[in-house]
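Data block below; observations after.
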Amino acid sequence: MLFASVSQARADAEPQKVRAEKYEIEVRFEPEKSFLHAKATLTVRAEQKTETIEVELNPRLNILQISDAQGRKLEFRRSGRLGSPKLQVWLAEAAAAEQEVKLTFVYEGTLLRGPLDYITKDGILLRDESRWYPAVDLSGFTQNKIQVFVPPHWRAVTGGVQRNGDDDQSVMSGIFHFATTKPISSRALAAYPEGLSTCDSSVSSAFTTVPPIKIRVDICSLKHKNDRNSASLVNKLARLLFANAQMIEAKQTENPTADQSERNQQLLSVKSGRSLRVVPGFPGQGGAIGYSAPGFMVVSEDVIKYHDYPGWSPEFLPHEIAHQWFPHEVTLARSEDGWLAESLAEYLAWRYLQEKDGEQARRMVQRAMRDALAPELPRPLALGVQLFREPWEVAHATLYQRGLLVWRILETVIDRERVDRALREYYKRFAGKSASIADFRKICEEISGRELGWFFEYFINGTQIPEISLRRLTSDAPNILLGEIVVKNVPADFQVRVGMRVQTSAGPVSHSVATRGEVTPFALNLAAPATLVTLDPDLRLLRWTEAARRNREQAKLLGQVSELEDSGEFSQAIELCRQAIALDPDDVAAHQQQIRFVMGRMLYRAGKLAEAKREFGSALELASLGAMETDFYRAWAHVYRARIAKRLGQIATAQKEARTALESKSRAMETKIVWPETPRREMTAREALRAILRP
C-alpha cells in the first residue's frame, strides 16, 4: 500500500479568521501505555476583534488546563458532537484585531492506534491529522520549538533542526529539542527504539554545479539487515532529492537553444540544498508504506529492504520525496485542491522514472491508462483529498492514476516546457503559503497565453472521458496519408495535440495533429506508403482505450467468480474465467496471468488436478504489468503445482517444484494471504513452499 502525506486542507474556501504563528511544545511519551503528556503554547492572531478562539484537539486527550500569557485559567468547551475535535476557548478579555494571543494547553491521554498514527512500544508516529496538538489550521505555516521526551535509547524526529548537542547524548537520555529556522507547514513527529535501528548521520551528497549544491540524507535502518540496502537507499534518496529539486526549483536557462547538459547546470533559484531524514516506522506492516513531513520521512521496513528490487514500487520514493515541495512548502488552500498534491507527486515520480528507467515509466503509464477508468462510478478529481474517504482502489485510480494522466494531457495542451515553467512559477509565487487549482490555472494561462477554463472544468471538475480515434481516408497518391482525428464526449472548445506513429517501408515516421472540434482532417507526405498507423503510441492522452474497456469488463466477471467460489459453485466460476479470457484473447489488458491463476485454483478446488496444473503452468509463463503482481502469481502457481504433485504421490516432483520457487528473492514471496481453501491463518508463498518440503 502507498500512503503519501497530505496535510488536512482547510475545510472552507473562506480564509481562516484566526491564524497560528508559533508553537512551543513539550511532549512526554509512555510508549508501553500508548500515553502522552503534553504542554503546548500556541501563539495566534485574529483578523478581527474576538472573545473566543476555536481550536481542534483530539477528543481522546484530556485537557487539564488552558491558560493565557498572564497565567489566567480560561474557560473552554468541547463540541457536543460525538468524536468532534473542535474546542472553544473563552479569552479573559477580548483581543483586538491582529493582537497576539498566547494560549497554553496542558493535556494528556491515550490515542487509539491507527495505520498511520500510533504510539506503541515499537515506535511512534503522530501526523497533523491525528490532532495531537491544539490547532487552528493543520497545514498552517508556523515557527516551532518542540521538545520530545521518550524512553532512553529511543530516537525522535520532527520538523526543524535538533538543538541539544550531540545526537548520541540525546539517544542516551531520550530528550530531543527541535527548532525551526523558518515557518513550516507541519508539527508531525516520529520516534522509534534506537535498539531496533542504526543511523548514519554523516552521509551527504554533493553535486557539481555552479555553485555546488549539497544535499544531505540521513537514514536510520533496521539492524540485522543487509547494510548494502541502507547504503543503496541513501544514494538513491540523494539522487531523488536532487532530481526533484532541479525539476521544481531550477532557474530557467537564458539560452533557449542550450542543450540538456547546459540546462542541467542551472542553479536552484530558491534554495541551495536539501536535507532529509528517513526513519523506520509502521511496525508489523508490510509493503510500501510511507509518510512524508517537512524534512523527514517515515517508511516501512520493506522500503529499506526491497527499494532496489527490480520493479518493486519504483514510483514510491520519488512520489514521497516530491511531497517535500507539494504540499509541504506550497500547501492546499482547500481539500478540493488535492490534484496539486497527490496527482502532482505522482506526475513528478513518473518524470523521474522517465529519465532514469524508461521501461518502468512506460509500465507506470500503461497501468494508469488501464486502471484509472476502472471505477464504475467515476469520481471527479475536484474531490481532492476527500477521495481518501473512498475505498483505496477508487482513491488510487482517481487521485493518483487519473490525476497523473491529467498532468500528461496538460503537456499536450500547453507543452511540457510551459508546464515546467508553470510549476516553477507556482512554487516561487506560493512557497510558504497555500494555493489552489485556480491559482495554478492562472499561472498556466499567463505562461501559455491561452484560456484554459475548458481544460480544468472538464478534467478536474468533470467525470467524462474523451473518445479519440483515427479514421483513414482514401488517398489518390500512395505516398500521402489522409485521415481524420475524431474526438467525442468532449466540450466544443476541447483542444489537444494527438500523436501518431506511421510505419513505412522507408522506416517509422512520427507526426502529431492539433485537434479542432469533433473532426480534424490531416494530410501527411511520406517517403513510402504507410503500412500501419498507431494513434497516441506514447499513451499521452487520457482517453478510453481497448485495455481500459476490457479491464472493466473482466473485473466484473472476476468479482462474480469470487462470489461463486464462496458458495462452492466451482464449475460456474471456471466458465466465467473462460469468458474473461475470451473478452481479451490478445491480452491487451494484461490480465491473463491473473485469470489463468484464478481458473487454476477453481479447477484445483473442483478436483480437476490435470487441468489445474496446465493453468498454473500458463500462469508461470505469462506476465502482468507489475513485477510484484507477476512474481506473486508465479510464486503461488509453484505452490499449487507442488501441492498437486504431492496429492498425486509425486513427492520428488513436489519437492523440486518447491525448491525452484524458493530461489526467488522477490518481495512477493513474503506477501501474506488467506486462501478460502485454507482459512486457518495468513500464509506467505515462502511458508507454503517450506511446508511442502517438510516430511
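The values are calculated or read from the model by the stated rules, or taken from the named source; none is laboratory data. Remember, predicted model here, so these are calculated numbers, not experimental data. Heads up, the Cβs are rebuilt from the backbone with ideal geometry, glycines too, and the neighbour counts pull from every protein chain shown.
Every residue, every condition in (1) over 18 Å from V150 (Cα atoms); (2) out of contact with any Lys or Arg (no Cβ under 6 Å at 6 or more places or on another chain), yes or no:
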residue: E32; (1), (2): no, no
residue: L61; (1), (2): yes, yes
residue: S67; (1), (2): yes, no
residue: K73; (1), (2): yes, yes
residue: R77; (1), (2): yes, yes
residue: A97; (1), (2): yes, no
residue: Y107; (1), (2): no, yes
residue: P115; (1), (2): yes, yes
Which one of the conditions (1) within 30 Å of E376 (Cβ to Cβ); (2) assigned to a loop (DSSP other than H, G, I, E, B) does D476 fail to meet, given that it meets all the rest? (1)
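Here is a yes/no grid of residues against (1) buried (at least 19 other Cβ atoms within 10 Å of the Cβ); (2) assigned to a strand (DSSP E or B); (3) free of Cβ contacts under 8 Å to residues at least 24 places away in the same chain; (4) out of contact with any Asp or Glu (no Cβ under 8 Å at 6 or more places or on another chain):
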residue: S84; (1), (2), (3), (4): no, no, no, yes
residue: V89; (1), (2), (3), (4): yes, yes, no, no
residue: L103; (1), (2), (3), (4): yes, yes, no, no
residue: P115; (1), (2), (3), (4): no, no, no, yes
residue: S139; (1), (2), (3), (4): yes, no, no, no
Criterion first (without any contact (Cβ under 8 Å) to a residue 12 or more places away in the chain and under 15 Å from the mean Cα position of the chain (by Cα)) does A395 satisfy it? yes
Whether any residue in region 654-668 is at pLDDT 95 or above, touching a helix residue (DSSP H, G or I) at 6+ places or on another chain (Cβ under 8 Å), among the basic types (K, R) and not assigned by TED's automatic domain parsing to the domain that holds H307 is what I want to check. yes
Pick from I468, I409: which is assigned to a strand (DSSP E or B) and either in contact with a Ser or Thr (Cβ under 9 Å, 6 or more places away or on another chain) or over 18 Å from D337 (Cβ atoms) (or both)? I468
Is it the case that region 539-555 has a residue that's assigned to a strand (DSSP E or B) and either touching a helix residue (DSSP H, G or I) at 6+ places or on another chain (Cβ under 9 Å) or in contact (Cβ under 8 Å) with a residue 40 or more places away in the chain (or both)? no
All positions within region 351-366 that are closer than 22 Å to E546 by Cβ and crowded, with 19+ Cβ neighbours inside 10 Å: A361, R363, M364, V365
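For (1) within 26 Å of F326 (Cβ to Cβ); (2) in contact with a helix residue (DSSP H, G or I) (Cβ under 9 Å, 6 or more places away or on another chain); (3) modelled with pLDDT of 95 or more; (4) among the hydrophobic types (A, V, I, L, M, F, W, C), each residue gets a yes or a no:
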residue: L2; (1), (2), (3), (4): yes, yes, no, yes
residue: D12; (1), (2), (3), (4): yes, no, no, no
residue: F29; (1), (2), (3), (4): no, no, yes, yes
residue: N58; (1), (2), (3), (4): no, yes, yes, no
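Residues checked against (1) within 15 Å of V136 (Cα to Cα); (2) outside the structural domain of A188 (by TED's automatic domain parsing); (3) touching a residue at least 40 places away in the same chain (Cβ under 8 Å); (4) of a type outside the set (F, W, Y):
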{"site": "K22", "(1), (2), (3), (4)": "yes, no, yes, yes"}
{"site": "E26", "(1), (2), (3), (4)": "no, no, yes, yes"}
{"site": "T43", "(1), (2), (3), (4)": "yes, no, yes, yes"}
{"site": "T52", "(1), (2), (3), (4)": "yes, no, no, yes"}
Quick one: R389 ticks every box in (1) farther than 18 Å from R543 by Cα; (2) over 17 Å from the mean Cα position of the chain (by Cα); (3) charged (D, E, K, R) bar one, so which box is it? (2)
I'd like to know if region 664-676 contains one or more residues that are under 24 Å from M599 (Cβ atoms), of a type outside the set (F, W, Y) and in contact with a Leu (Cβ under 7 Å, 6 or more places away or on another chain). no
Only one of N144, N164 is touching a strand residue (DSSP E or B) at 6+ places or on another chain (Cβ under 7 Å), part of a strand (DSSP E or B), outside the structural domain of F388 (by TED's automatic domain parsing) and farther than 16 Å from P280 by Cβ; which? N144
Those residues of region 368-386 which are in a loop (DSSP other than H, G, I, E, B) and either more than 15 Å from the chain's Cα centre (by Cα) or not aliphatic (A, V, I, L, M) (or both) amount to L373, A374, P375, E376, L377, P378, R379, P380
